[in-house]
Each structure stands twice: as structure tokens, then as C-alpha cells.
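Colleague: Take this structure first; my questions come after.
The values are calculated or read from the model by the stated rules, or taken from the named source; none is laboratory data. No experiment lies behind these values; they were computed from the predicted model shown. Here the Cβ is made from the backbone with ideal geometry for all residues, glycine too, and neighbour counts use every protein chain on show. Note: areas computed on protein heavy atoms with side chains; ligands, DNA, RNA excluded. Shrake-Rupley method; radii C 1.70, N 1.55, O 1.52, S 1.80 Å.
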4 protein chains.
Amino acid sequence: VETRRLEAFSDGVLAIAITLLILDVKVPAPRHGSLLAALGHEWPSYAAYVVSFLTIGIMWVNHHALFDHVRRADRALLFWNVGLLLTIAFLPFPTSVLARYVRSPAHGSAAAFVYSATLAVIGLGYLALWRHLRRHPELLAPEATQHVVVGFRRTLAGPSTYAIAAALAWVSPYLTLVLCAGLAVYFVFPGRVRPP
Amino acid sequence: VETRRLEAFSDGVLAIAITLLILDVKVPAPRHGSLLAALGHEWPSYAAYVVSFLTIGIMWVNHHALFDHVRRADRALLFWNVGLLLTIAFLPFPTSVLARYVRSPAHGSAAAFVYSATLAVIGLGYLALWRHLRRHPELLAPEATQHVVVGFRRTLAGPSTYAIAAALAWVSPYLTLVLCAGLAVYFVFPGRVRPP
Amino acid sequence: VETRRLEAFSDGVLAIAITLLILDVKVPAPRHGSLLAALGHEWPSYAAYVVSFLTIGIMWVNHHALFDHVRRADRALLFWNVGLLLTIAFLPFPTSVLARYVRSPAHGSAAAFVYSATLAVIGLGYLALWRHLRRHPELLAPEATQHVVVGFRRTLAGPSTYAIAAALAWVSPYLTLVLCAGLAVYFVFPGRVRPP
Amino acid sequence: VETRRLEAFSDGVLAIAITLLILDVKVPAPRHGSLLAALGHEWPSYAAYVVSFLTIGIMWVNHHALFDHVRRADRALLFWNVGLLLTIAFLPFPTSVLARYVRSPAHGSAAAFVYSATLAVIGLGYLALWRHLRRHPELLAPEATQHVVVGFRRTLAGPSTYAIAAALAWVSPYLTLVLCAGLAVYFVFPGRVRPP
């Protein structure tokens with residue numbers, strides 16, 4: 001029972017965070033020239049929207065895949081889950097920062113750094129949750145232990161790659177954006193790439 | 001189980017997207033003249049709110065009608081569904097664009113074009129989902145296959161008509177608004193009009 | 001099954017609409033004088049928040065009480081329910097209008113009129129839903145028919161009283177605000193006042 | 001059944017209120033200097049976000065722990081619950097006030113006072129709910145009465161400590177912020193500290 005409610009609350013927060021992203025896409029005012037050109041000029045907002053939407057969507061899928069194996073929740077699991085939600089619900093803010101500054105020669109790298117550093121922190125949040133479950137197999141379904149161990153190794157890939165994306169932001173913010181988009185697509189197909 | 005959660009998450013996103021629409025209806029400041037006149041002057045905001053609300057409402061009804069036939073979800077179905085939600089959750093933005101520029105002689109047509117082009121893209125998202133189900137009858141309930149084939153033909157009507165509405169925006173943006181409103185009402189009563 | 005989903009979607013929209021109300025309470029900037037005085041000066045925002053919150057809360061309670069009697073939903077019921085949600089989800093806008101203009105000597109009456117006229121329209125939406133159920137007893141649980149008939153007479157009280165509150169706005173907007181608050185409290189205790 | 005819906009609606013409101021908090025974290029405009037410095041300068045927004053997020057998260061956990069013991073809901077319980085949700089859904093506003101003014105020499109204390117006074121009022125809302133349940137043991141599961149009595153004594157700690165935090169705001173707003181953060185962490189681990 002406890003787990004079902006935990007999942008429903010997490011689903012709610014994820015569904016709201018994903019839908020709030022559109023509030024940061026602002027209607028432009030075409031000064032001279034056409035509205036279509038002004039709308040086209042806002043492409044970083046759409047790109048940031050799409051990447052963040054896909055990323056939260058994948059997080060939802062993975063959150064469910066993980067909790068399919070969980071039978072019981074203890075206080076510490078609740079705490080780690082609230083912590084994870086805290087970082088995911090924060091994502092609309094760095095998404096806005098990215099959309100607004102990615103093209104700025106002065107601030108583009110910093111914006112992309114903050115964006116993918118946030119994704120790395122979310123990845124660490126997942127790791128913390130996963131580590132807690134590995135140490136408390138009594139919370140898991142009996143047949144699940146092996147899955148969680150394998151998944152843990154795979155989950156390590158998340159924060160490390162986002163950390164690399166954050167470092168590459170200082171080379172080019174667009175590189176970070178492309179890398180984060182690629183990671184979202186990569187995590188959609190976890191079955192394709194198996195851990196060694 | 002998988003499908004139930006998929007539906008709950010989709011319901012959440014649709015319920016939030018439909019309710020966020022009101023945030024784009026802004027309180028006007030009456031300069032000279034009455035508040036009622038200033039509020040009346042904002043009619044494109046209300047019209048856009050009503051059309052988008054009905055359209056998302058219909059989408060929710062149809063999403064449920066479709067998933068009533070689905071027994072299992074594979075990874076690709078999850079992906080197509082997240083893609084569909086991405087386009088629906090985007091709708092508050094073109095709704096704002098439409099509300100702000102539909103009356104503008106210079107930008108009205110572009111605003112209406114963007115609005116109904118978004119609806120056409122959402123329709124394509126449904127088509128993609130539907131096509132995936134047609135090709136994977138093992139995901140469907142046994143008795144559902146025929147329904148889905150018939151429904152597919154019907155679903156084709158959505159993006160094509162919205163594409164026509166987008167083309168007509170260059171004649172008159174009001175024409176597009178009326179056509180989109182009409183389509184929302186038409187899709188409310190799918191039983192009335194049967195495919196040939 | 002259909003009804004359970006209808007209720008879940010309605011619950012979602014109501015929960016979001018009620019929570020969005022706070023977004024229209026804006027942080028004031030104290031020019032000279034204390035922050036507490038500036039916050040106190042914003043009392044119409046808090047009053048409008050409380051009245052609208054209670055009103056939507058009551059609507060949620062009554063929506064549930066009504067749908068407890070419903071066994072099946074037809075297309076028309078779905079349509080009337082989407083229509084009702086459309087008017088309820090609209091409420092944050094007249095709430096903002098009321099909060100901003102209730103004190104204005106020029107615009108206070110118009111603001112209060114728009115606010116309680118919206119509530120009257122929501123009441124009419126309930127009536128339409130109720131009328132549909134009365135005419136289609138096959139959608140109801142067998143023992144429910146009598147309840148719905150009695151409830152219908154009671155539901156008539158809603159839009160009529162809000163219409164009176166709207167008319168009284170032209171006497172004083174504060175009168176309307178007090179009346180709407182009173183109605184929210186009155187509808188909390190429907191068992192106390194029985195229909196004749 | 002009644003209780004299940006009550007919980008679902010409460011979960012919805014809490015999930016939305018917790019996720020809306022991010023909308024008050026605004027993207028800064030770096031005037032001179034780096035974007036990272038400008039983002040760092042916004043630290044009160046992040047601190048207020050984290051404290052409010054954790055606080056609402058704890059409220060969700062405790063709301064569930066309480067309603068686990070409740071078997072039936074009467075009208076008064078519905079009313080007290082809507083009242084509690086009204087105060088929790090209000091929290092994004094004092095969170096904004098705190099974030100904006102905590103550093104202001106003139107207004108910092110007032111902002112912190114308003115913030116923790118709101119938390120004290122939420123605590124009183126819990127107390128009212130709890131008191132109603134204590135007086136109506138027929139609404140509780142048989143084995144639950146003792147838990148609720150013990151919990152009541154514990155719940156008293158909430159509003160009293162937040163009231164102290166509100167008083168200390170006049171000494172230093174940072175003291176209040178630290179105290180509220182500490183309380184959130186303390187309430188995460190209710191098992192650790194037992195009532196005497």
C-alpha cells in the first residue's frame with residue numbers, strides 16, 4: 001500500500017513538472033518582420049522544452065521500472081524519494097536559464113553548465129535511491145535483487161555522462177544541448193544497450 | 001498494470017495542460033472606459049481558451065477510448081505516448097500566440113497558422129500511436145483489432161482537416177478559429193458520423 | 001470503469017484549478033512603510049483566494065456526491081462534464097479580476113459582477129449535468145433516483161443565488177464577496193438545510 | 001471509499017503546491033559580471049524552495065500516516081481537510097515573500113515572520129483535524145485510537161515551534177530560515193524522537 005501511494009505522489013509531481021515546462025516558453029513580440037520569424041527566433045525555448053520534456057518522461061519510465069521491484073518503503077526510502085523529486089521539480093528553472101542564455105556569447109556556457117549539472121545531480125539522486133535499495137534487499141521483491149544490481153551499474157552512467165556534458169559546456173553550449181538530447185533518446189532504449 | 005500507470009500519467013499531463021490554459025488569460029487594465037468593455041475586448045483570449053479546452057478534453061476522451069483496447073505496452077508505445085503528450089502539453093503556447101495576435105492585421109494569419117499546425121502535429125502523433133498498435137496486434141485485446149482498424153481510418157481525418165485549417169489561416173484567421181471549434185464539437189460525437 | 005476515470009480526470013482538474021489560485025496572489029513591493037503594511041494592503045487577494053478555494057472545494061465534494069449515484073456515463077454526460085470543468089477551470093481568471101478591482105470605485109462593481117456571474121454559470125453547468133441524469137435514470141444506481149430528484153431542486157438554489165449576488169454587485173462589490181463566502185460555507189453543510 | 005478519494009484529492013493538491021514552488025524562482029539578468037554570480041546571488045530563492053519543498057513533502061508523509069488510521073469521513077472532517085489544504089496551498093506565496101525580502105535590512109524580519117507564521121497556521125490546521133479525530137473515535141480504525149492520542153501530543157510540537165521561529169524572525173530572519181529547515185529534517189525522522 002505504502003509503495004502505491006509513493007508512486008502516485010511521484011507520478012503527480014513528475015506529471016506537473018513536465019507540464020509546467022511550457023510556461024517558460026514566452027510569446028515573442030515581433031518588432032519588425034513577421035511573427036513566424038519572431039517565433040522561429042525563439043528556437044532555444046522549444047529545444048530546451050523538448051529535451052527537458054523527454055528527460056522527465058524517461059525519468060518517469062525509469063522511476064516506474066525501479067519501483068516495480070520494490071515491495072515495501074521505509075522512512076529513509078521516502079526521504080530519498082522526496083529528495084529526488086526536489087531535484088526533478090527544480091528542472092524547469094535551469095531549463096529557463098538554458099533557453100534564455102544558450103545563444104549569449106558571454107553566458108551560454110554557464111547556462112548549459114547549470115542545466116546539465118542539474119541533470120547530473122538528478123542522476124546522483126537516482127543513485128542514492130538505488131544504493132539504499134541495494135543495501136536493503138528486504139524492501140525488494142525476491143526475484144528483483146539481480147535486476148537492481150545490474151541496473152545500478154547502468155544508472156552510474158547517468159550522472160557521469162551528464163557531468164561530462166557539463167564540462168563540455170565550456171567548449172560549446174550547443175554541444176551540451178545535443179549531448180543531453182542524445183542521452184534522453186539513449187535512455188528511451190535501455191534494452192538495446194546491455195551492460196557488459 | 002503497465003497500461004494503467006501509462007493512462008494515469010497521461011491523464012495527469014492532460015488534466016494539467018487543460019487547467020494551465022487559464023494562466024494565459026490576463027487581467028486587462030481599463031484605460032478609459034469601463035472594466036466590462038476592457039474584459040469584452042479580450043474575447044480572443046476566451047475563444048482560444050474554450051477551443052483549446054474542448055480540444056484537449058476530446059483528446060482525453062479519445063485517448064481513453066483507444067487505451068481501452070490496449071492490453072500491454074511495449075517500450076515503443078511508451079515512447080510514442082510521451083511524444084504525443086509532448087505535443088499536447090505544448091498547446092498552451094500556440095493558444096497564447098493565437099489569443100494575442102488573431103486580431104492583428106499583420107500577424108493574425110501567422111498566429112492562426114501556428115495554432116492549427118500544432119493541432120495537425122498532435123493529430124499526427126495520434127496517427128503514429130495508432131499505426132504502432134495496428135502493426136502490433138499482440139498489444140491489443142483480441143476483440144479490439146477491428147475497432148482499431150476502423151478508428152485508424154477515422155483518425156486520419158484529424159491531421160488532414162487541421163492541415164486544411166492551417167492553410168485557410170492565410171485567407172482569414174477567424175476562419176481557422178471557427179474550423180477548429182467545429183472540429184472539437186465534431187469529435188465529441190464520433191458515433192454520429194460513421195466511416196464509409 | 002468509465003465513471004472512475006471520469007472522476008479521476010475531474011479530480012485532477014479541480015485539484016489543479018484550486019492550487020493555481022495562489023499564483024494570482026502577487027508579492028507586493030513596499031514603497032514607504034513596512035512590508036507587513038504592504039502585505040495587509042493586499043487583503044482582497046487573500047479574500048478572493050479563500051472564497052474561490054472554498055467554492056472549488058465544495059464543488060469537489062458535490063461532484064463526488066453526485067457521481068456516487070452514477071453507474072455509467074454516456075457521450076453526452078462526458079460532454080456536459082467537460083463543459084462544467086471548462087467553467088470551473090476558468091474561475092482563477094475572475095478571481096484575479098475581483099482581487100485587483102474590488103476596491104476600485106470605478107470598477108469594483110463590474111469586477112464583483114463578473115466574479116459571481118461566473119459562479120452562476122458554473123451553477124448552470126451543474127444543473128445541466130443534473131438534468132441529463134434525471135432524464136437518463138438508466139445511468140444511475142437504482143436506489144439513487146430519488147436522491148437526484150431532491151438534489152436537483154436543491155441545486156437550483158446555486159445559480160439563482162449567485163445571480164442575485166451578481167445583481168447586488170452594482171449596490172456594493174463587498175456585499176457580493178460576503179454573499180459568495182456565505183454560500184460556500186452554506187454549501188459545506190447541505191445536511192443542515194433540507195429542501196421543503 | 002470516501003477516504004480514498006479524500007486522500008487522492010489531498011495528494012493532488014499537495015503534489016501541485018510542491019511543484020508550483022519552482023515558478024517563483026526567477027531567472028536573473030546578469031548586469032555586469034558572470035551568469036554564475038547572478039545565479040549564486042539568488043540563493044534565498046533556492047533556500048526557500050528547498051525548505052518549502054521539504055516541509056510540504058513531510059506534510060504529505062504525515063497526512064498519509066494520519067489517514068491510514070481513518071476509516072470513515074464525516075462532513076466536518078472534509079471541511080477541516082479542505083481548510084488544511086487551503087493553508088498548505090497558500091505556502092508558495094509566503095515562500096516568495098521570504099525569497100524576495102529575507103536579505104532586506106528593512107523587511108527581512110517581517111518576511112521571515114510571515115513565512116513561519118504561515119507554517120504555524122498550517123500546524124494549527126493539523127491540530128484541528130487531529131482534535132476532530134480524537135473526539136470522533138468512531139471514524140478511526142479500532143487499533144488506531146492510541147496512535148492518534150500519542151500523535152496528537154507530538155503534533156502540538158509543530159505550531160508551537162513554528163510560533164517560536166516566527167518570534168525569532170525579529171532577532172534575525174536567517175535564524176528563522178535555519179529553524180524551519182531544521183524542523184523539516186526533524187519531522188522526517190519522527191521515529192527517532194519519541195514523545196515523553
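Colleague: Kindly evaluate D:Ala128 against the criterion of being under 14 Å from the mean Cα position of the chain (by Cα), part of a helix (DSSP H, G or I) and of a type in the set (Gly, Ala, Ser).
Modeller: So D:Ala128 fails the test.
Colleague: Look at segment A:15-42 and say how many of its residues are more than 25 Å from A:Leu86 (Cα to Cα), open to solvent by less than 50 Å² (accessible area, probe 1.4 Å) and either among the aliphatic types (A, V, I, L, M) or assigned to a helix (DSSP H, G or I) (or both).
Modeller: Looking only at that region, the number is 5.
Colleague: What residue, among those in segment C:75-91 that are touching a residue at least 40 places away in the same chain (Cβ under 8 Å), facing chain B (nearest Cβ under 10 Å) and out of contact with any Asp or Glu (no Cβ under 9 Å at 6 or more places or on another chain), is nearest to C:Pro44 (Cα to Cα)?
Modeller: By that ranking, first place goes to C:Leu91.
Colleague: Filter segment A:43-57 down to the residues that are open to solvent by 20 Å² or more (accessible area, probe 1.4 Å) and in contact (Cβ under 8 Å) with a residue 24 or more places away in the chain, then identify the one that is nearest to A:Arg134 (Cα to Cα). Lay out the reasoning, then the answer.
Modeller: First, pick out the residues of segment A:43-57 that are open to solvent by 20 Å² or more (accessible area, probe 1.4 Å): A:43, A:46-47, A:50, A:54.
Among the residues that remain, those that are also in contact (Cβ under 8 Å) with a residue 24 or more places away in the chain are: A:47, A:50, A:54.
Working: A:Ala47: 36, A:Val50: 33, A:Leu54: 27 Å.
Among those residues, the one meeting the criterion is A:Leu54.
Colleague: Looking only at segment B:92-141, which residues are among the β-branched types (Val, Ile, Thr) and touching a residue at least 60 places away in the same chain (Cβ under 8 Å)?
Modeller: Result: B:Thr95, B:Val102, B:Ile122.
Colleague: Which residues, counting only those in segment D:115-146, are among the small types (Gly, Ala, Ser) and either under 17 Å from D:Ala65 (Cα atoms) or open to solvent by 20 Å² or more (accessible area, probe 1.4 Å) (or both)?
Modeller: Correct list: D:Ala117, D:Gly123, D:Gly125, D:Ala128, D:Ala141, D:Ala144.
Colleague: Of the residues in segment B:61-95, how many are touching a strand residue (DSSP E or B) at 6+ places or on another chain (Cβ under 9 Å) and in a helix (DSSP H, G or I)?
Modeller: Residues flagged as touching a strand residue (DSSP E or B) at 6+ places or on another chain (Cβ under 9 Å) and in a helix (DSSP H, G or I) within segment B:61-95 amount to 1.
Colleague: OK, next. Identify the residue in segment C:100-114 that is more than 9 Å from chain B (Cβ to nearest Cβ) and among the hydrophobic types (A, V, I, L, M, F, W, C) and, among all such residues, is surrounded by the most Cβ atoms within 10 Å (Cβ to Cβ).
Modeller: If we take residues in segment C:100-114 being more than 9 Å from chain B (Cβ to nearest Cβ) and among the hydrophobic types (A, V, I, L, M, F, W, C), then C:Ala112 is surrounded by the most Cβ atoms within 10 Å (Cβ to Cβ).
Colleague: Any chance segment A:62-72 includes a residue that's of a type in the set (D, E, K, R) and closer than 15 Å to A:Arg5 by Cβ?
Modeller: yes
Colleague: Quickly run through segment A:139-196 and pick out the residues that are modelled with pLDDT of 90 or more, closer than 19 Å to A:Leu54 by Cβ and of a type in the set (S, T, N, Q).
Modeller: Within segment A:139-196, A:Thr176 is the sole residue that qualifies.
Colleague: Filter segment C:1-14 down to residues that are touching a residue at least 24 places away in the same chain (Cβ under 8 Å), open to solvent by 10 Å² or more (accessible area, probe 1.4 Å) and closer than 24 Å to C:Thr95 by Cβ, then give me how many there are.
Modeller: Summing the residues that are touching a residue at least 24 places away in the same chain (Cβ under 8 Å), open to solvent by 10 Å² or more (accessible area, probe 1.4 Å) and closer than 24 Å to C:Thr95 by Cβ in segment C:1-14 gives 1.
Colleague: Of all the residues that make up segment A:24-36, how many are at the interface with chain B (Cβ under 7 Å from one of its Cβ atoms) and at pLDDT 90 or above? Can you show your working first?
Modeller: First, pick out the residues of segment A:24-36 that are at the interface with chain B (Cβ under 7 Å from one of its Cβ atoms): A:25, A:27, A:30, A:34-36.
Of the ones still in play, those that are also at pLDDT 90 or above are A:25, A:27, A:34-36.
Count: 5.
Colleague: Right, another one. If C:Phe53 satisfies every condition in (1) under 14 Å from the mean Cα position of the chain (by Cα); (2) at pLDDT 90 or above; (3) facing another protein chain (nearest Cβ under 7 Å); (4) under 25 Å from B:Met59 (Cα atoms) but one, which is the exception?
Modeller: (4)
Colleague: Do we find a residue being at pLDDT below 85 and either open to solvent by 30 Å² or more (accessible area, probe 1.4 Å) or more than 30 Å from C:Ser34 (Cα to Cα) (or both) anywhere in segment D:82-99? Spell out the reasoning first.
Modeller: Initially, segment D:82-99 is screened for residues at pLDDT below 85, giving none.
The answer is no, given that none of the residues of segment D:82-99 is at pLDDT below 85 and either open to solvent by 30 Å² or more (accessible area, probe 1.4 Å) or more than 30 Å from C:Ser34 (Cα to Cα) (or both).
Colleague: Okay, moving on. Determine whether segment A:4-20 contains at least one residue that is of a type in the set (Ser, Thr, Tyr), within 10 Å of another protein chain (Cβ to nearest Cβ) and more than 23 Å from D:Ile22 (Cβ to Cβ). Reasoning before the result, please.
Modeller: Initially, segment A:4-20 is screened for residues of a type in the set (Ser, Thr, Tyr), giving A:10, A:19.
With the extra rule that they be within 10 Å of another protein chain (Cβ to nearest Cβ), the set shrinks to A:10, A:19.
After this cut, where a residue has to be more than 23 Å from D:Ile22 (Cβ to Cβ) as well, the list is none.
There is no residue in segment A:4-20 that is of a type in the set (Ser, Thr, Tyr), within 10 Å of another protein chain (Cβ to nearest Cβ) and more than 23 Å from D:Ile22 (Cβ to Cβ).
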